Structure formats: C-alpha cells, structure tokens
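The values are calculated or read from the model by the stated rules, or taken from the named source; none is laboratory data. Keep in mind the model is a prediction, meaning the values are calculated, not measured. Here the Cβ is made from the backbone with ideal geometry for all residues, glycine too, and neighbour counts use every protein chain on show. Surface accessibility is based on the protein's heavy atoms, side chains included, excluding ligands, DNA and RNA. Shrake-Rupley method; radii C 1.70, N 1.55, O 1.52, S 1.80 Å.
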Amino acid sequence: MVTCIRVKLMMEKINNFFKEKNWVKIFLIVLMLMFISFQLRAQTADMKFAQGNEFLKDMFSDEHGRMYLLALDPYYYLRLSENLYNNGHCGDTLKVVNGKEVPYDLYQYAPPGHPLPWEPPVICLATLTLYKIWHSIDATVSIMNAAFWVPAVLGMLLGIPVYFIIRRVTNSNIGGIVGAIALISAPGLLYKTCAGFADTPIFEVLPILFIVWFILEAIHNQEKTALFKKDLKNPISLFIIIALITELIIGVYLNIASGESVVIASALFYAISLAFILIGLIIAGIKKMKNENVEFELFALLAVILTAVAPKMWGAWWYGFDIITAFLVIYIIALALLKSQVKLKEFVDIGNLKNVICLSALYIIGSLVLLTAIYGVNMAISPITSPLGYKQILSTYSQTTGWPNVYTTVAELAKPSSWGEIFINAIGSKTIAIAGIFGIILSFISLRYEKVKFDVKYAILLTIWLSVTLYAATKGIRFAALATPPLAIGLGILIGQLDRLLKMKNDIAVFGLGIPAGIFGLIILSKYSTKISEILLPTTYVPAIAYGFLIVLAILIVYKISDIISSINDKKEVIIKLSSILLCIGVVIPPLSAVIPFSTAPTFNDGWKEGLDWIKASAPNNSVITCWWDNGHIYTYEARRMVTFDGGSQNTPRAYWVGRAFATSNENLSIGIIRMLATSGDEAFKEGSVLMNYTNNNVSKTVEILNEILPVSRSKAYEILTKKYGLSDEEAKLVLNATHPEHPNPDYLITYNRMTDIAPVWSMFGFWNFSLPPNTPNEEREKGVFYKGTSYYLGNGTILTNVNVYGYNYVTLINNTNISTAIVQKVNGQTKIVGVFKIHKLYVKTPLGVREVVLNEDGQLSEFVRLEADGRGYAWLATRNLEDSVYAKLHFLDGYGLKHIKLVKATIDPTNFGVQPGFKIYKVDYGTDYLN
C-alpha cells in the first residue's frame, strides 16, 4: 500500500514537471523524431542484403568493413569532395578558360572535360565538415566514410519542421508525431536520403520544409512586432538589421569574389547563415520557454536567410519561393475579403492584415534583395522565368535535337501510369495519400481554440504546395517525392484534428471515435507484434543513437503513464488519452514496418575496384574509358581517367555513338567510333562542325557520312568526303583530324554483367533510325535483347542449356553436331513441352576454344554457351541483330573474332548474375593502318 502511494506520488511529480516544463516534452519528442529518422536511414550500413554472407559483405565494403556508397551519382560528389580537400577547389586541376584560371574537370565527358565553378557544392562542404570532425576522432575514417553518413545526419532534420507545422495547425503533439514519421519513413524519400546515398535529393525537400515552418510561425505571431513599429532599439530589431546587413555584405563579396577566395567566401557564407538561423531559433525557443510571443519579423528573417541559401542547394529552389509567394498573396486577398465581413469574425480566424502585408513584404523583398546581391538579377527573377522553361524540362520525352533522348529510358524520369503510382512513390501508400489530402481539406477547420473555427491559411498553402508538386509528378515519377511533405503534413493534420476532437470531451466523439480509435490501435499492435522489436531497434550500427532513442522513448512513456495515472479518476479523460496514443501507434506502425528492415546494395565493389585500380596504375594519363553512361561516375572516381560520358552527361549524341560501338558487328566501325570519341570528343558532329554545316544541321545525314568514313582508312575517307560529298580539301582534313587523328588517346572498353540486361537500351540507341520521326515511341524502334540462363556439361560432348524467356524455359541439347530445342512450360505443376525454337547461330566457348556454327538460316534467335574449367556454365539467347555484336563477342566470348580489342583484365562482378569474372576491361588497339 505504501509502495503504491509512493509510486503515485512519484508519477504526480513527473506529470507536474512535464506540465510546468512543457518545453522538455517538446524537446524529447523532437529528439525522438531525429533518432527515428537516423535509425531508419542507418539500416543500410548493416548490409542486410548480404544475408549474412561474409564474402558479399567484404566485396561491398572497404578494408575497415565500412560499406561503399550507394547508387552512382554520389561518386561524382565524392570525387569533387576529395578534390576540394586535396586541391582547395573541386577541379582535378586548374586551367585557363577564356582568359581566366578556373577549376577544371579533366575526366567527365572527356575529352575535352569541362570547367567547374570555384564555389563548391554544399554537399561537398557538408561531407568535409563531417569528415574533419570524425577523422579527428578516428584516423581510419576516409572522406567516403564521411560522405556515407551525410544524408543520414541531414535526414535527422526532416521531421522537425513537419512536427512543428502540424503542432501549430492542430495544437496536437500526436498529429505532429504522426506527420513527421510519415515523412521520414516515406519509402521514396528514405531511399534517396539513406546512409550511403550521398546525393542532393535531401536538399530538394529540406529547405522548403524549414521555410514553410518559419513563414507559418511568423503568421502565427503576426500580432507581435518590433521592426515595423519602428522600435529600433529592441534587441530583435537590432538582430534582424545586423543579420540582413551581414548577409548582404557577405553576399555581395561572394558575388564579386574570384579565384580561391570564392571557396573561402562560400564556406563563410554558409557558416554565418547557419549561425544566424540557429541564433534566431534559440532566441525564439527562449521566448517560448518564458511563454512570451516572438516578433514575427524574427521568423520572417530566418525564412529570408534560408531562401537566400536555397539556390546553392538545388537548381529548382524557386518552386518553393513561388509556392510561398503565391500563398502570401492569396492569403492577403482572403484576409482583405474576410475583414469586411464583421459577422464572420466569431467563426473565422481573421488575422492582422497590416502585419501580414508587412511580413509578406519583408520576406519577398528581403529574399529578392539578397538573391540579387549574392547571385545577380537573373537569379532574382528566376522564380518568374524558370517555371516557364521548366515545363519543357519536365516533359522528359521531348525530342528536339535530332539525336536520341536518353532520358526516355531513365526509369525515374518516366511518366507515371496512374495516380496510384504517384501516391505510392510519394508516401508509400494510396491510403496514406488519400488521408493526407483529406487532412489538407480539413485544415480549413481549426479545433485548436477548443471550439470550431475556420482558418484559411493552412489549407491555402498546403493546397498550392500539393497541386504544384503533383503536377510535377505527372511529368516524371522522380518528382513524386516533392509531394511527400504536403501529404505527410496533411496526414498529421487529420490525426491532429481527430486528437483535438477527442479532447473537446464530447460524448459522441469520445465514445464514437475514441473507443474505435483505441480498438484500431490494438488491432495494429496485434497484427505487427512480431515486428515491434525491429521497429524499436532497426539497427545498432551507431549504438549512441540506437540506445539514445530507447532512453528518450522510455522517458516519454513514463511521462505518458504518469499523465494517464493523474487522470485515473476521470474515465472519460483516460479513454481520451489512451485512444490518442493508440491512434498514433496504429497509424505510424504500418509505414515504419514497411521500411524495416531496409537495405540496398552498392554498385561499387572490390571486384570493380581492383579493375579500376589496375587502369589507374597502368593506363597512360590521357587514356579514356568507354562505357555505357550509368557507371561513368564510379569509373572517374576510382580510376581517375577520362570517361566518354556518365550520369551528368548521358543525354548527348555520345549515347548513339557508344551504343553503336557495342551493337555493331563491324569491328572497324566500332574502333573508329571509339577512336573519334576518345580523341576529339564531339568535334566531328557538334553544332557548327564541318559536317553539320555541310548538311545544314541534318543529324541523320551527318551520322550517315560518319558511319561511312569511320571504318575505312584516312585516304579512303578523304576520297569519300571530297569526291562523293564534294567537301574541299581543307574541310575534309578538318573532319579527318577528328575521325582519324594521328595521335589518338588510348582507350579501354569496359563491360559488366548488367550491360547484358540493359541491352535493349544501348542497342536501341546503337540501331537508331534517324529517318524516323524524332518522337517515334521507343517500343517501335529496333533493339536487341539477351536472355540469360545456365548451361551444364553432361559428359561425352553433351551440353544442356536452359534459358528463361518471359516465363518459358528455352532448352537446348547439344551433342556434337546433333542439336535439338524445346520450349518448356510448367502447367498446373507439371512440365510440358509446348513447342520448339530455331537457332540461327550457335557459339560454344569451352576452355579448349570457341566453336561457331550456323544452324538455321530462318532462325530468329542465336545462342551463346560458355563452359568454364571449374564446371560453371552460362547460356544466353540473343536476337539476331546482336548475335555478332561487338558486345557479345567481348563479354560472352572474351573478344573472340575481334582483331583490335583485347581482354587485358577481368575481375569479379557481384552486382548481377552473369559470367564470372564479369567486370571486363579491354584495350583498344587502333593500329596504324587507318592512317594510310
């Protein structure tokens, strides 16, 4: 009995403490959300994709067991970060361009490469900041290791503005928690901001979230002013004036600075901007702790500073500025209309029109002034000009140059097929998306005043925000992530409104909503009971965060228990508090469960590293790596050699030429293309070149001429150009200097197993028919394909192959000269032969050599069979247009039948099923005959 009394007294003390120190509860909730976000994003570091296979873990991690970066683009920023650390700028070297010395990227889209700005990307500065802190503690930490954790660290900030926005709208912690968790657990956003994905998507979302939060806080505090009542001695007024003047001075300096001083000025600009934002938040926090209102100009200042920084984070920063500006203008108009309706004041939240106008002027004019000072007039007017140009950029299927458009084959740029696809990519579930939309609608109604009132501002802002981002998503599925924040906020508002409805203690709400909500939460708890432990502890890779989260959660649980116990004598109050908690649990568990466990494998691995390090060590510095574009950033990072094109330059004419080099069966044409690209780049076919001028910019005719002269000798090509096409001696020699250079750069071709899978892509570009209308659907264009399978040596010269083709097994039995085929399908669990297929050409590679035979002139498929000395066997069926392709002979047959392209290095490729070693490097030998 005494113990029970002591426990109750202790619980009362705890409850009273949190009531008196409400900021402690808010701080713990924010800390919990930050920890949850980090934990979700840190899961990748556990390498669960390996399923305990230590060999795979070793393949995808460095010598200290730390996983390599994910995806492809992060390796571009990693190279820039290392350059910035080693060289003081992001370039591989300094080079004079147009009379000015600038950082120069020697390797991307080379030759010739391209100049870089002196100002480093913000992600590079963030990477080096984390690196210097971590490396000072652990000397084994590399810049790649630091880059790995940058998105997870920055991702900890994602939930903060969402929580406060929803809490401001609904006055509900429950709603804020739900909305924040919905955002940080959204699968699309989680993947692009997880540990290892050291790319820029985090900056597509983070700035607008904080700017919106600051603007809404300014509007909420619109009655408290200092600067606009000319109280210039007020500390807040002084802080605002000092901050704006300082930002303006540094911005002007950054704009006019040149050379290495730009790097220092950039770092200083970011540091001071961040300092002002943190100081502003601390000031606001202290005032809130004292239950004092905050001057709205303070939050407006924070929004202005972050808007000025935003262009350095993402090129399409202006969409957020446009959304907020449109909102402020419409809100002012709405206030002006509502203010004249005296009878509505009791039911509608009508703000201080004058102060809202002042706030809008401070934000819009202040932002434009800083933008002009820092970037120039063009950046300041880009919120007007950019949306007009971006409409075409969003239309990723437009064909405007006559060359193939690579963007039509990039999955994330594909147009979504349905709203359901957009919603799933945006927030993981159509149900959550619909709930979010419903919440946005409900935001017109305010329950935060303990009675029903109408408040238009939140719904106006969220409706504009969601409409703009959903429109962008209809143009390309990658933009669906931009709709994640408004949908998550909408969901949080919906739950927050329900929580507020319960707290109004209406019997119908309590028993008609509270009890069902509690039952819903219990059902979800029961359904996901086996995953609760994983949700609470998805990873322990960073123990301080993992166990810190559990401690914070435990403190909040103890508080909530004390809160419920304090109301034990009021059954209705107990039902309300339990129902709110169970509703929150019921809503957040499913999305959390969907992303736990979460794991994805890197592309870069030790096998590739070995091959690229070999190039780095043995290839001349002017060597070029010719490859398909997707892995170009990895190759430039590790090999530090030029690449033909990569993920930053894929939509260029080189897509056709590289595809052609791999897809053609004419080796001389292939090496002619490679020689041209490796030495002169685009000189032969760029706009303004001899051939483009000769053909009046007719891409099709230019390509036809080049395909005719590239396989032949210089003298023969000269004859074709002068006699057949009528070029002058000078013009012909200019063309030949680009196509048949006397001193070509060395070239190394790389093939890897995934190239087999994406053959329909590169072969479509390689077989591109320029006479077809540019917007001819890809489905109607010629392409080739390889189907992968296995082969088995049965003894006595007999080989059995099995290749899966769209769910059917294409089986071939090879017994010396006797070859039979069958198409096999499983029907009702039984294997049945449903047909046969004809093979046109058969290649069989064994340790003894390669056997090549034509079987059926009318066969539509050809087959490659490869048997290794250790018993492993592979098989591929190919469409006839790729049966003699350079790629097939390289990757499946190690260069069989090719005279000028030789395999020089092969390493393990664990990224995809296929021949091993599957990462293959070939040296191109141009010879000298082409100069005859």
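If you check Ile240, Ile279, Ile264, which single one turns out to be at pLDDT 95 or above and not basic (Lys, Arg)?
Ile279
Going through Arg714, Arg660 one at a time, which residue ends up being of a type in the set (D, E, K, R) and in contact with a Phe, Trp or Tyr (Cβ under 7 Å, 6 or more places away or on another chain)? Break it down into steps so the answer makes sense when it comes.
Details: Arg660 fails: in contact with a Phe, Trp or Tyr (Cβ under 7 Å, 6 or more places away or on another chain).
That would be Arg714, the only listed residue that is of a type in the set (D, E, K, R) and in contact with a Phe, Trp or Tyr (Cβ under 7 Å, 6 or more places away or on another chain).
I'd like to know if segment 280-296 contains one or more residues that are touching a helix residue (DSSP H, G or I) at 6+ places or on another chain (Cβ under 8 Å) and buried (at least 24 other Cβ atoms within 10 Å of the Cβ).
Looking only at segment 280-296, we keep the residues that are touching a helix residue (DSSP H, G or I) at 6+ places or on another chain (Cβ under 8 Å), and these are 280-281, 283-285, 288-289, 293-296.
Checking the rest, the ones that are also buried (at least 24 other Cβ atoms within 10 Å of the Cβ) come to 295-296.
Within segment 280-296, one or more residues are touching a helix residue (DSSP H, G or I) at 6+ places or on another chain (Cβ under 8 Å) and buried (at least 24 other Cβ atoms within 10 Å of the Cβ).
Quick check: is even one residue across segment 441-461 over 25 Å from Ser593 (Cβ atoms), among the β-branched types (Val, Ile, Thr), at pLDDT below 85 and touching a Ser or Thr at 6+ places or on another chain (Cβ under 9 Å)? So that I can check it myself, show each step before the final result.
Of all residues in segment 441-461, those over 25 Å from Ser593 (Cβ atoms) come to 441-461.
Filter once more, keeping what is among the β-branched types (Val, Ile, Thr): 441, 445, 452, 456, 460.
Now narrow it down to the ones that are at pLDDT below 85: 445, 452.
After this cut, where a residue has to be touching a Ser or Thr at 6+ places or on another chain (Cβ under 9 Å) as well, the list is 452.
Yes, there is a match, as at least one residue in segment 441-461 is over 25 Å from Ser593 (Cβ atoms), among the β-branched types (Val, Ile, Thr), at pLDDT below 85 and touching a Ser or Thr at 6+ places or on another chain (Cβ under 9 Å).
Give just the number: which of (1) in contact (Cβ under 8 Å) with a residue 60 or more places away in the chain; (2) within 30 Å of Asn697 (Cα to Cα); (3) open to solvent by 40 Å² or more (accessible area, probe 1.4 Å) does Trp762 not satisfy?
(3)
Looking only at segment 462-515, count how many residues are basic (Lys, Arg) and either closer than 22 Å to Gly428 by Cα or modelled with pLDDT of 90 or more (or both).
Of segment 462-515, the ones basic (Lys, Arg) are 475, 478, 500, 503, 505.
With either closer than 22 Å to Gly428 by Cα or modelled with pLDDT of 90 or more (or both) added as a condition, the list becomes 475, 478.
Result for segment 462-515: 2.
Within segment 540-552, is even one residue open to solvent by less than 70 Å² (accessible area, probe 1.4 Å), assigned to a helix (DSSP H, G or I) and closer than 17 Å to Ile174 by Cα?
Taking every residue of segment 540-552 in turn, at least one turns out to be open to solvent by less than 70 Å² (accessible area, probe 1.4 Å), assigned to a helix (DSSP H, G or I) and closer than 17 Å to Ile174 by Cα.
Which ones in segment 192-206 are open to solvent by less than 10 Å² (accessible area, probe 1.4 Å) and either part of a loop (DSSP other than H, G, I, E, B) or over 21 Å from Asn425 (Cβ atoms) (or both)?
Taking segment 192-206 and keeping what is open to solvent by less than 10 Å² (accessible area, probe 1.4 Å), we get 193-196, 198, 202, 205.
Correct list: Thr193, Cys194, Ala195, Gly196, Ala198.
For residues in segment 548-572 being free of Cβ contacts under 8 Å to residues at least 60 places away in the same chain and among the polar types (S, T, N, Q), which is farthest from Phe27 (Cα to Cα)?
Pass one, segment 548-572, residues free of Cβ contacts under 8 Å to residues at least 60 places away in the same chain: 550-551, 554, 557, 560, 564, 567-571.
Next, only the ones that are among the polar types (S, T, N, Q) stay: 567, 569.
On the way: Ser567: 24, Asn569: 29 Å.
Ranking the candidates gives Asn569 first.
Residue check, Ser665 against (1) touching a Leu at 6+ places or on another chain (Cβ under 8 Å); (2) over 16 Å from Leu734 (Cα atoms), all met but one. Which one?
The single condition Ser665 does not satisfy is (1).
Residues are listed down the side, and each one gets a yes or a no for (1) modelled with pLDDT of 90 or more; (2) within 29 Å of Ala472 (Cβ to Cβ):
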| residue | (1), (2) |
| --- | --- |
| Met289 | no, no |
| Ala303 | yes, yes |
| Lys312 | yes, yes |
| Trp318 | yes, yes |
| Ile324 | yes, yes |
| Leu328 | yes, yes |
| Ala334 | no, yes |
| Lys343 | no, no |
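Output the residues belonging to segment 863-897 that are in a loop (DSSP other than H, G, I, E, B) and buried (at least 18 other Cβ atoms within 10 Å of the Cβ). Step through it out loud before you land on a result.
Going through segment 863-897, the residues in a loop (DSSP other than H, G, I, E, B) turn out to be 868-872, 883-885, 892-897.
If the condition is that a residue be in a loop (DSSP other than H, G, I, E, B) and buried (at least 18 other Cβ atoms within 10 Å of the Cβ), then Glu883, Asp884, Ser885, Phe892, Leu893, Gly895 are the ones that fit.
Cβ-Cβ under 9 Å, sequence separation 6+ or interchain: first residue in segment 822-839 and in contact (Cβ under 8 Å) with a residue 24 or more places away in the chain, partner exposed (fewer than 11 other Cβ atoms within 10 Å of the Cβ). Which pairs?
Val834/Val827
How about segment 604-618: which of its residues are open to solvent by 10 Å² or more (accessible area, probe 1.4 Å) and not basic (Lys, Arg)? Spell out the reasoning first.
Step one: filter segment 604-618 for residues open to solvent by 10 Å² or more (accessible area, probe 1.4 Å), giving 606, 609-610, 613-614, 616-618.
Within segment 604-618, Asp606, Glu610, Asp613, Trp614, Ala617, Ser618 qualify.
The rows are residues; the columns are (1) closer than 22 Å to Gln916 by Cα; (2) aliphatic (A, V, I, L, M); (3) modelled with pLDDT of 95 or more; (4) in contact with a strand residue (DSSP E or B) (Cβ under 7 Å, 6 or more places away or on another chain).
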| position | (1), (2), (3), (4) |
| --- | --- |
| Ser580 | no, no, no, no |
| Lys609 | yes, no, yes, no |
| Leu612 | yes, yes, yes, no |
| Ser623 | no, no, yes, yes |
| Thr626 | yes, no, yes, yes |
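Answer yes or no as to whether Asn171 is over 24 Å from Pro201 (Cα atoms) and not small (Gly, Ala, Ser).
On the way: over 24 Å from Pro201 (Cα atoms): yes; not small (Gly, Ala, Ser): yes.
For Asn171, the condition - over 24 Å from Pro201 (Cα atoms) and not small (Gly, Ala, Ser) - is met.
Check every one of the helices (runs of 4 or more DSSP H) wholly within segment 91-186 and list those with 2 or more residues that are polar (S, T, N, Q). So that I can check it myself, show each step before the final result.
Numbers: elements: 122-135, 143-155, 159-170, 173-184.
Result: 122-135.
Which of the following residues is open to solvent by less than 70 Å² (accessible area, probe 1.4 Å), out of contact with any strand residue (DSSP E or B) (no Cβ under 8 Å at 6 or more places or on another chain) and either basic (Lys, Arg) or at pLDDT below 90 (or both): Leu371, Leu353? If you could, list the steps in order and put the result at the bottom.
Details: Leu371 fails: either basic (Lys, Arg) or at pLDDT below 90 (or both).
Result: Leu353 is the single residue among Leu371, Leu353 that is open to solvent by less than 70 Å² (accessible area, probe 1.4 Å), out of contact with any strand residue (DSSP E or B) (no Cβ under 8 Å at 6 or more places or on another chain) and either basic (Lys, Arg) or at pLDDT below 90 (or both).
Take the residues of segment 48-66 that are in contact (Cβ under 8 Å) with a residue 12 or more places away in the chain, of a type outside the set (Lys, Arg) and open to solvent by 10 Å² or more (accessible area, probe 1.4 Å): which is nearest to Ala147 (Cα to Cα)?
Looking at residues that are in contact (Cβ under 8 Å) with a residue 12 or more places away in the chain, of a type outside the set (Lys, Arg) and open to solvent by 10 Å² or more (accessible area, probe 1.4 Å), I get Asp62.
Which of the residues spanning segment 912-932 are open to solvent by less than 50 Å² (accessible area, probe 1.4 Å), part of a loop (DSSP other than H, G, I, E, B) and either more than 22 Å from Phe864 (Cβ to Cβ) or hydroxyl-bearing (Ser, Thr, Tyr) (or both)?
Scanning segment 912-932 gives Tyr926, Gly927.
Modelled with pLDDT of 90 or more and open to solvent by less than 50 Å² (accessible area, probe 1.4 Å) - does that describe any residue in segment 823-830? Walk me through how you get there before you give the answer.
First pass over segment 823-830, keeping only residues modelled with pLDDT of 90 or more: 823-825.
Checking which are open to solvent by less than 50 Å² (accessible area, probe 1.4 Å) leaves us with 823-824.
Yes, the conditions are met somewhere in segment 823-830.
Does Tyr559 satisfy being part of a helix (DSSP H, G or I) and in contact with a Leu (Cβ under 7 Å, 6 or more places away or on another chain)? Before you say what the answer is, go through the steps one by one.
Working: part of a helix (DSSP H, G or I): yes; in contact with a Leu (Cβ under 7 Å, 6 or more places away or on another chain): no.
For Tyr559, the condition - part of a helix (DSSP H, G or I) and in contact with a Leu (Cβ under 7 Å, 6 or more places away or on another chain) - is not met.
Report, by residue number, each residue of segment 259-275 that is small (Gly, Ala, Ser), open to solvent by less than 30 Å² (accessible area, probe 1.4 Å) and farther than 20 Å from Leu154 by Cβ. Spell out how you get there, then give the answer.
Within segment 259-275, the first condition is being small (Gly, Ala, Ser), and the residues that meet it are 259, 261, 265-267, 271, 273, 275.
Cutting the leftovers down to open to solvent by less than 30 Å² (accessible area, probe 1.4 Å) gives us 259, 265-266, 273.
Answer for segment 259-275, where residues must be small (Gly, Ala, Ser), open to solvent by less than 30 Å² (accessible area, probe 1.4 Å) and farther than 20 Å from Leu154 by Cβ: Gly259, Ala265.
Within the bounds of segment 70-86, is there any residue that is open to solvent by 30 Å² or more (accessible area, probe 1.4 Å) and basic (Lys, Arg)?
no
So, Leu498, is that one assigned to a helix (DSSP H, G or I), open to solvent by 10 Å² or more (accessible area, probe 1.4 Å), in contact with a Pro (Cβ under 6 Å, 6 or more places away or on another chain) and not polar (S, T, N, Q) or not?
Numbers: assigned to a helix (DSSP H, G or I): yes; open to solvent by 10 Å² or more (accessible area, probe 1.4 Å): yes; in contact with a Pro (Cβ under 6 Å, 6 or more places away or on another chain): no; not polar (S, T, N, Q): yes.
So Leu498 fails the test.
Would you list the helices (runs of 4 or more DSSP H) that sit entirely within segment 6-87 and hold 3 or more residues that are modelled with pLDDT of 90 or more and closer than 28 Å to Cys584 by Cβ? Spell out the reasoning first.
Working: elements: 22-42, 54-59, 74-87.
Counting at least 3 such residues, we get 22-42.
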